[in-house]
């Protein structure tokens, strides 16, 4: 899979051809785990050179002041990637105590999933929002232990009856 680079907010439209999570998957699934890194160089040596992964996408997100690289294995099914994120204003160091960012979960309909979580008494922040023009909406929720879960809509138009059950 070829590497692409998108800078959100710079007028580049979302390209579904390079969206590694799929755009019409109605089954919820784990999409990625995000790890904060101080530098991409050593992390890429580990994951690409050491484990044989490849860079599938790279995003600059000015609104969050972060660059994100997504890594997956050649030929793998959509999802199941590692996101390496570097905050522009925080040089680290990062490790197990402060380096974990979030778990990415694909859901058919972000809005209905957000509402269901709220109805169950869970905290849902930031959402739905689009961080790259034309990309699927996302939201962030917090699990009972304080771990952040990013919800990423995997169906382009979920329609009025979509659910994640």
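Segment residue 125..residue 27, full-extension length gain: 33.0 nm, with 0.36 nm per residue of separation and the alpha-carbon distance subtracted. The order of 140, 70, going from fewest to most other C-beta atoms within 10 Å of their C-beta, is 140, 70.
Between residue 63 and residue 116, the contour length at 0.36 nm per residue exceeds the alpha carbon distance by 16.4 nm. By the count of other C-beta atoms within 10 Å, a proxy for reagent exposure, 27, 48 are ordered fewest to most as 27, 48. Between the beta carbons of residue 48 and residue 157, assuming R0 = 25 Å, the FRET efficiency works out to 0.10 to the nearest 0.05.
Where does the range 5-153 land on the Kirkwood hydrodynamic radius, alpha-carbon pairs, in angstrom? Taking the inverse mean of 1/r over all distinct Cα pairs, the range 5-153 comes out at 16.0 Å. For the peptides 150-158, 95-103, the ranking by packing is 150-158, 95-103, with the highest mean count of neighbouring Cβ atoms within 10 Å listed first. Distance between the 7 Å Cα→Cβ label points at residue 76 and residue 142: 2.9 nm.
All of the numbers you see were taken from the coordinates with simple rules; none came from a lab. No experiment lies behind these values; they were computed from the predicted model shown. Cβ atoms come from the backbone with ideal geometry, glycine included; neighbour counts cover every protein chain shown.
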